[in-house]
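Following: one structure in structure tokens, then a few remarks.
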Amino acid sequence: MSSRDVILAAVRAARPPAVARPDVSMLRGATVDLAANFTAACVVAAAEVVTSVRADLDSLIAAAYAANGRQVSAMSTTSEGVTRPHSFSDTDVFVCEAVIGVAENGAVWLPLSRLRYRAALFLATNVIVVLDRARIVNDMHEAYRVVNVAEEEFGVFVSGPSKTADIEQALVIGAHGAKSLTILLLDE
Amino acid sequence: MSRTLTVLDSAPVDHAANAAAFNENEARVDWHNESLGLMRAKRDRAVEQVPEWEALRAVASSIKEHTLSHLDEYLTMFEAAAIANGAKVHWARDAEEHNRIVHHILVEGRVQYLVKSKSMLTEECHLNAYLEERGIDVVDTDLGERIVQLRKEPPSHIVMPASHLTKEEIGETFAEHLGTAVGLSDPTELTAAARIHLRERFLRAHAAMTGVNFAIAETGGVVVCTNEGNADLGMALAPIHIASMGIEKLVPGPAELAVFLRVLARSATGQRVTVYTSHVHRPEVGQALHIIIVDNGRTEQLGRPDFWRSLKCIRCGACMNTCPVYRRSGGYSYGATVPGPIGSILSPGIDLRKYAALPFASTLCGSCTAVCPVKIDLDAQLYRWRQIVVDAGLADGFKTVAANVGARVLSNRRWLHGGGAIIRIIMKLIPMNVMRRLSGSWGKTRDLPVPPGESFSSWYRANRPAKGPP
Ligand code: SF4
């Protein structure tokens, strides 16, 4: 018998008495001021939130990181034209647009199609995520109802810049990934 | 159905002796106790902000019980979906088979450099040693794990692997291995040095290994939760991704996943969610995705009517952070991959003789059960293991209350000057509302004694949780 069949047979023999699948459709947090709560949650996660209108997007990005070096934008109409993810290791600023934001925890959903250059999200020193203010949901229950996480190869909820507390539990921002995360919360 | 327990011939873990050794440095014990207490306090504050917390715990618990009671169906559902997604699925009965599969994948892919993100399963399988013996360069990339790897130590905590070390000790390790300045102990600067050191490792890795926090049966995807971004750097850069998971990691679908993502980080560190919650469903063009599903004793635990619920564990570490014995005895005192209350109910199922002492490394105060986000009845299972250990004749030396490990750890010499000393120490460690419940008849009929050197009210203000568990 293959290991697969041995394990499955052992699981079948060991099955505890059946427990019904609980109904999770009723679960949701209290209805809240979505933008206000999202912003507050971002602050807790050490992300910066800038509120503006979409017409100002280009100047906002330019102003935020004028002095910095290499900028990679997944929103650009031109392609980076590269295949090796390692080539993004010198990225100073990476820009992309989220599908949704989650008010309860400040997370934004970024599937591969929105990232285009997946490695850049994790290699870049600074990350700017654009989010349409109308695309904020209340909590994770709603988030998983709105997005199909299985649609693409890869997708990630990101909440704040990378961090660690592995040395005496002192919070340090910028462990391996982004050292700063800015959310541009835009009205159309 | 009654099952025979494995009683292997291996050196028993002497938790009391290990704890006593840890207690020789009183300053360190106090520091360790307080630093984990801080985590517990952060968890309390995060939980207080979620009015539906108890409903979430109840649902999280029943989702896990439902999944475990239909586990064969969910495993095959997951396998079919993952294969359809283009992943290669492997099955491993034990640690040896798991390690062999990993090594085989690496050899086939001509991999010399492997980066790993945190995975308690690969610790359990002793994968690093296995691969290093075969010439693979293995680098743990989680900061805490890298620290203990450089020191050739195992992790002492499942969420914070280096929580037993001071920043000065870590500074010494980095000075020796990373060439940082001697005497450097600032966490920000040490982290910056590790970032540079590990970035180079990420860029040259041929393969990345990750653990799996949740596997979604309906969609065949795996979910990895991290704060540092190390798992993602590995996965995004290396052409081969190997994800190892125990059979108990399954959840039915994305709707259920939402419940666990709401409780995991809050319970672990007091964050609302981890920085990165990554969903891997298909390999990218030019990449290979391998998923290894591991048993290694889990089906045996599933078949034990008294203990199968321990498989609900989502490895948040909250039971460790709150445990008065763990906090004062340290993670290594358990001599097991998973320490603390949950480790003490998992380990005896793996090797009863070796881990016979662990169910006694508890005061049975119930604080672990009160914080567990999936409502595992940890204290009841510890008590049940004690009975089994005693029945098996393995309790010599620690079965009496006087020699009880928990009591010995807590009866630090400094406080042993008069009756009721142990109670005072327990009081210092356990939230008041839990204390009231466990203190039984005398707790109801008279005021609890005030620990010396502090007024009761100031002590209570400083020690009570913002909103404690029931
Ligand atoms: S037993 Fe519960 S509290 Fe302990 S690590 Fe597992 S899920 Fe967390």
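The values are calculated or read from the model by the stated rules, or taken from the named source; none is laboratory data. Remember, predicted model here, so these are calculated numbers, not experimental data. So basically every Cβ, Gly included, is an ideal-geometry build from the backbone, and we count neighbours across all protein chains shown. Side chains included, ligands, DNA and RNA excluded: accessible areas come from the protein's heavy atoms. Shrake-Rupley method; radii C 1.70, N 1.55, O 1.52, S 1.80 Å.
Of note:
- Some residue of the range B:109-118 being closer than 28 Å to B:THR188 by Cα and open to solvent by 10 Å² or more (accessible area, probe 1.4 Å): yes
- Search result, residues across the range B:340-366 that are more than 10 Å from the ligand (Cβ to nearest atom) and out of contact with any Leu (no Cβ under 8 Å at 6 or more places or on another chain): B:ILE350, B:TYR355, B:ALA357, B:LEU358, B:PHE360, B:ALA361
- Tally of residues being touching a Phe, Trp or Tyr at 6+ places or on another chain (Cβ under 9 Å) and either without any contact (Cβ under 8 Å) to a residue 12 or more places away in the chain or within 14 Å of chain A (Cβ to nearest Cβ) (or both) across the range B:123-141: 2
The rows are residues; the columns are (1) under 20 Å from A:VAL127 (Cα atoms); (2) over 21 Å from the mean Cα position of the chain (by Cα); (3) not acidic (Asp, Glu).
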| residue | (1), (2), (3) |
| --- | --- |
| A:ALA10 | no, yes, yes |
| A:PRO16 | no, yes, yes |
| A:SER25 | no, yes, yes |
| A:ALA36 | no, no, yes |
| A:ALA40 | yes, no, yes |
| A:ASP56 | yes, yes, no |
| A:ALA63 | yes, yes, yes |
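- The single condition among (1) more than 14 Å from B:ASP232 (Cα to Cα); (2) open to solvent by 20 Å² or more (accessible area, probe 1.4 Å); (3) not β-branched (Val, Ile, Thr) that A:GLU153 does not satisfy is (1).
The rows are residues; the columns are (1) within 23 Å of B:CYS125 (Cβ to Cβ); (2) at the interface with chain A (Cβ under 9 Å from one of its Cβ atoms); (3) surrounded by fewer than 22 Cβ atoms within 10 Å (Cβ to Cβ).
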residue: B:LEU184; (1), (2), (3): no, no, yes
residue: B:LEU190; (1), (2), (3): no, yes, no
residue: B:ALA194; (1), (2), (3): no, yes, no
residue: B:LEU203; (1), (2), (3): no, yes, yes
residue: B:HIS206; (1), (2), (3): yes, no, yes
residue: B:GLY211; (1), (2), (3): yes, no, no
residue: B:GLU218; (1), (2), (3): no, yes, yes
residue: B:VAL223; (1), (2), (3): yes, yes, no
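- Single condition B:SER156 does not satisfy, out of (1) more than 10 Å from every other protein chain (Cβ to nearest Cβ); (2) open to solvent by 10 Å² or more (accessible area, probe 1.4 Å); (3) modelled with pLDDT under 95: (2)
- Boolean, A:THR83 is at pLDDT below 95 and over 30 Å from B:GLU52 (Cα atoms): yes
- Of the numbered criteria (1) within 16 Å of the ligand (Cβ to nearest atom); (2) more than 29 Å from B:TRP53 (Cβ to Cβ); (3) buried (at least 24 other Cβ atoms within 10 Å of the Cβ), the one B:GLY331 fails is (2).
- Test result for A:ILE128, away from every other protein chain (no Cβ under 14 Å), among the hydrophobic types (A, V, I, L, M, F, W, C), surrounded by fewer than 22 Cβ atoms within 10 Å (Cβ to Cβ) and in contact (Cβ under 8 Å) with a residue 60 or more places away in the chain: no
- Restricted to helices (runs of 4 or more DSSP H) entirely inside the range A:1-95, those with at least 2 residues that are away from every other protein chain (no Cβ under 14 Å) are A:34-44, A:57-64.
- Residue that is nearest to the ligand (Cβ to nearest atom) [pool: residues in the range B:304-322 that are over 17 Å from the mean Cα position of the chain (by Cα) and more than 9 Å from chain A (Cβ to nearest Cβ)]: B:PHE307
- Applying the condition of being buried (at least 20 other Cβ atoms within 10 Å of the Cβ) and within 21 Å of A:MET26 (Cβ to Cβ) to the range A:131-141 and asking which residue is farthest from the other protein chains (Cβ to nearest Cβ) yields A:VAL137.
- Extreme residue, nearest to B:HIS126 (Cα to Cα), among residues of the range B:152-182 that are polar (S, T, N, Q) and within 16 Å of the ligand (Cβ to nearest atom): B:SER156
- Number of the exception - B:GLY286 against (1) more than 13 Å from the ligand (Cβ to nearest atom); (2) not in a loop (DSSP other than H, G, I, E, B): (2)
- Note on the range B:289-303: residues that are within 16 Å of the ligand (Cβ to nearest atom) and part of a loop (DSSP other than H, G, I, E, B) amount to 0.
- Per this entry, B:ILE314 is counted among residues that are surrounded by 21 or more Cβ atoms within 10 Å (Cβ to Cβ), at pLDDT 95 or above and not assigned by TED's automatic domain parsing to the domain that holds B:LYS88.
- Qualifying residue in the range B:314-332 (condition: touching a Gly at 6+ places or on another chain (Cβ under 6 Å), part of a loop (DSSP other than H, G, I, E, B) and basic (Lys, Arg)): no
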